[in-house]
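In what follows, a single structure is set out as C-alpha cells and then discussed.
The values are calculated or read from the model by the stated rules, or taken from the named source; none is laboratory data. Keep in mind that this is a model prediction, so the values were computed, not measured. Here the Cβ positions follow ideal geometry from the backbone for every residue, glycine too, while neighbour counts run over all protein chains shown. Only protein heavy atoms, including side chains, enter the accessible area calculation; ligands, DNA and RNA are left aside. Shrake-Rupley method; radii C 1.70, N 1.55, O 1.52, S 1.80 Å.
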Amino acid sequence: MTITYLKRGKPQSERNEDDAKVRSVVETILKEIENQGDAEVRRLSEQFDDYSPASFRLSAEEIDSLIAQLTPRELQDIRFAQEQVKKFAQAQRASLSDVEVETLPGVILGHKNIPVQSVGCYIPAGKFPMVASAHMSVATASVAGVPRIVACTPPFQGKPNAAVIAAIHLGGAHEIYVIGGIQAIGAMAIGTETIEPVHMLVGPGNAFVAEAKRQLFGRVGIDLFAGPTETMLIADETVDAELCATDLLGQAEHGYNSPAVLVTNSRVLAERTMGEVERMLTILPTAETARRSWENYGEVILCDTYEEMLQVSEDIASEHVQVMTNRDDWFLKNMTSYGALFLGARTNVANGDKVIGTNHTLPTRKAGRYTGGLWVGKFLKTHSYQKITSDAAAAEIGAYCSRLCMIEGFVGHAEQANIRVRRYGGRNIPYGAAAE
C-alpha cells in the first residue's frame, strides 16, 4: 500500500493556533453584546463594516427599492435557483411522515414533526455577496414551515446588496437586518432591545461567524459546526489537468484557508494538475485569495489503487467531494463520510453551491463522519407522544413498569405505575412494593 503526498498543506498545529485566536475574540464580543445590546451591535457594525443606518432592519419600502435595482434576467435567475432548492426540499419534506402505531392493544405511540418556531439565517456578503446562501437557509426553512424566519446579512461595499436582499425576501424571510459578523450571530441568538432572540441559527460564514455559532450552541440550536470551505477531487486518467485545476481553484477562492485536495492514482494527472494550477493562478481574478489557500491548504495525494483513494477520502471526510473516475458508482456505494458528492465530470461543486437544488451548507472538518448538511429536516423537531386507551393496557404496562423501576431502586417511579395498576387493574399492591 502506497499513499504519497506530492504536496502538503499547513500543519494541523498551526491551524489550531489560528482557531485559538478566533475563540478569544469571539468570546469577548459575545459578552459585550449580551451586556450592551443594540449599542454594541451598532459599535461593531461601525468598526468592522463602517455602516450605521437609522435602523438595521429593512422596511418593506427599502426591500422593494432594492429589488427594483435588479434586471429582469437577474431576478429570473434568482427565482430559478430558488425553485430548484425548494423542489428538492419539498421532496425531502414529503419523505418525513408523522407516525402513530398501536404497539399493544390499547397502547398508542406516535411522533410529530414540528417546525422550529424561530430561525436566524446568516447570509454572508462582506467579501462576496452570497446570494445562494439565502436559498439554502431561508427558502429551506420556509418549506419546513418555520413561522418566524430572521435573516442577517452584512453590507456589501457600504450598502445592502440588492441581489442578496431579493433572494432573502423571495425565500420567505419575515425580518431582514443588514448586520454582519459576530454581531449578527450574537444579536439573533442573544437578542437585543430591538431584535427578539431566535431558537436556532443556520448558515455559513467566516471563522468568526462559525466560532460564534459554536459558542452559542446550547443556548440556541445550530445547523452544524462549520469551518472553511473544503473540496476534494477523486480523479483518475479519465479526466484532464485543466478540469481538475479549475475545480480546485474554483473552491480555493472562497477564502485564505479553504482546503483543496486532489486524490488520484495517476502521477501524470497529479503533476500536470499542479502545473495547471500555477498557470491559472497567473490569470484568475481571485488569484490573491486562491493562491494563499492553495499554498497553505492545498494537497495532492497519489495512491496506487482505487481502494486507497477511498481510504484517503474516508479519512479526510471533505465537505465537497467530486468523483471523476471510471467507477463513480462504486465510490457512491462505498463512501460513508463526506458533505456532498458530485459524481462525474459533467457536474461540479459550483452547481451545488448555486443552483442545482441540493443544499450547500455542509459539514466540514471531518464532521461528515457523524452528520449530513443542512436540509429541510434540520428545521423540524421530531417529538414523541403516547397514550393508553384501555384499563387492561394501563394495568399490564403498569405492572411491567413497576417491576423494572424497582430493579433500579426508583420507588417513586414504581408508585406512578402501581397507582394505575390499583385503579385500572383492581389489584392491591402495598405502597413501595413491586407489582407481581
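Between a first residue in segment 43-56 that is more than 21 Å from K31 (Cβ to Cβ) and a second residue that is open to solvent by 60 Å² or more (accessible area, probe 1.4 Å) and part of a helix (DSSP H, G or I), which pairs have beta carbons less than 8 Å apart while being 6 or more apart in sequence or on different chains?
S52/R42; S52/E46
Among the numbered criteria (1) in a loop (DSSP other than H, G, I, E, B); (2) over 30 Å from T246 (Cβ atoms), which single criterion is violated by L404?
(1)
Look at segment 131-160 and say how many of its residues are out of contact with any Leu (no Cβ under 8 Å at 6 or more places or on another chain) and over 18 Å from W375 (Cβ atoms).
Of the residues in that region, 13 qualify.
In segment 100-119, which residues are open to solvent by 60 Å² or more (accessible area, probe 1.4 Å) and either without any contact (Cβ under 8 Å) to a residue 40 or more places away in the chain or over 30 Å from S133 (Cβ atoms) (or both)?
E100, V101, E102, T103, L104, P105, L109
Can you name the residue in segment 296-315 that is without any contact (Cβ under 8 Å) to a residue 24 or more places away in the chain and over 13 Å from N265 (Cα atoms) and is also most open to solvent (accessible area, probe 1.4 Å) among such residues?
This residue is D315.
Run down S318, S293 and say which single residue is crowded, with 19+ Cβ neighbours inside 10 Å and in contact (Cβ under 8 Å) with a residue 60 or more places away in the chain.
Numbers: S293 fails: in contact (Cβ under 8 Å) with a residue 60 or more places away in the chain.
One residue alone meets the criteria, S318.
Tell me which residues, restricted to segment 59-73, are over 23 Å from A141 (Cβ atoms) and either within 26 Å of the chain's Cα centre (by Cα) or assigned to a helix (DSSP H, G or I) (or both).
Once the filter is applied, which keeps residues that are over 23 Å from A141 (Cβ atoms) and either within 26 Å of the chain's Cα centre (by Cα) or assigned to a helix (DSSP H, G or I) (or both), segment 59-73 yields E61, S65, P72, R73.
Of all the helices (runs of 4 or more DSSP H) wholly in segment 306-376, which have at least 1 residues that are within 21 Å of V143 (Cβ to Cβ) and of a type in the set (D, E, K, R)?
Qualifying helices (runs of 4 or more DSSP H): 349-354.
Scan segment 206-223 residue by residue and report those that are on the phi > 0 side of the Ramachandran plot and within 12 Å of the chain's Cα centre (by Cα). Talk me through it step by step, then tell me what you get.
Step one: filter segment 206-223 for residues on the phi > 0 side of the Ramachandran plot, giving 218.
Answer for segment 206-223, where residues must be on the phi > 0 side of the Ramachandran plot and within 12 Å of the chain's Cα centre (by Cα): there is none.
Across segment 21-56, which residue is farthest from T192 (Cα to Cα) among those that are surrounded by 14 or more Cβ atoms within 10 Å (Cβ to Cβ) and among the aliphatic types (A, V, I, L, M)?
Ranking the qualifying residues of segment 21-56, first place goes to V22.
Please work out which one of (1) open to solvent by 90 Å² or more (accessible area, probe 1.4 Å); (2) touching a residue at least 60 places away in the same chain (Cβ under 8 Å) is the condition Y385 fails and give its number.
(1)
Going through segment 356-374 one residue at a time, which ones are within 21 Å of M130 (Cα to Cα) and either surrounded by 19 or more Cβ atoms within 10 Å (Cβ to Cβ) or among the polar types (S, T, N, Q) (or both)?
Scanning segment 356-374 gives T358, N359, H360, T361, L362, P363, T364, G373, L374.
I'm checking my understanding of the structure. Among residues of segment 205-219 that are among the charged types (D, E, K, R) and assigned to a helix (DSSP H, G or I), which one is nearest to Y256 (Cα to Cα)?
E211
Quick check on segment 177-188. Is at least one of its residues of a type outside the set (A, V, I, L, M, F, W, C), touching a Lys or Arg at 6+ places or on another chain (Cβ under 8 Å) and assigned to a loop (DSSP other than H, G, I, E, B)?
Within segment 177-188, none of the residues are of a type outside the set (A, V, I, L, M, F, W, C), touching a Lys or Arg at 6+ places or on another chain (Cβ under 8 Å) and assigned to a loop (DSSP other than H, G, I, E, B).
I'd like to verify a number: residues in segment 190-204 that are open to solvent by less than 30 Å² (accessible area, probe 1.4 Å), farther than 23 Å from H254 by Cβ and either touching a helix residue (DSSP H, G or I) at 6+ places or on another chain (Cβ under 7 Å) or not in a strand (DSSP E or B) (or both), how many?
Residues flagged as open to solvent by less than 30 Å² (accessible area, probe 1.4 Å), farther than 23 Å from H254 by Cβ and either touching a helix residue (DSSP H, G or I) at 6+ places or on another chain (Cβ under 7 Å) or not in a strand (DSSP E or B) (or both) within segment 190-204 amount to 5.
I need a count of the residues in segment 246-262 that are of a type in the set (G, A, S), surrounded by fewer than 24 Cβ atoms within 10 Å (Cβ to Cβ) and under 11 Å from P228 (Cα atoms).
Result for segment 246-262: 1.
Out of all the residues in segment 120-145, which are more than 18 Å from D353 (Cβ to Cβ) and either open to solvent by less than 10 Å² (accessible area, probe 1.4 Å) or part of a strand (DSSP E or B) (or both)?
Within segment 120-145, G120, A141, A144 qualify.
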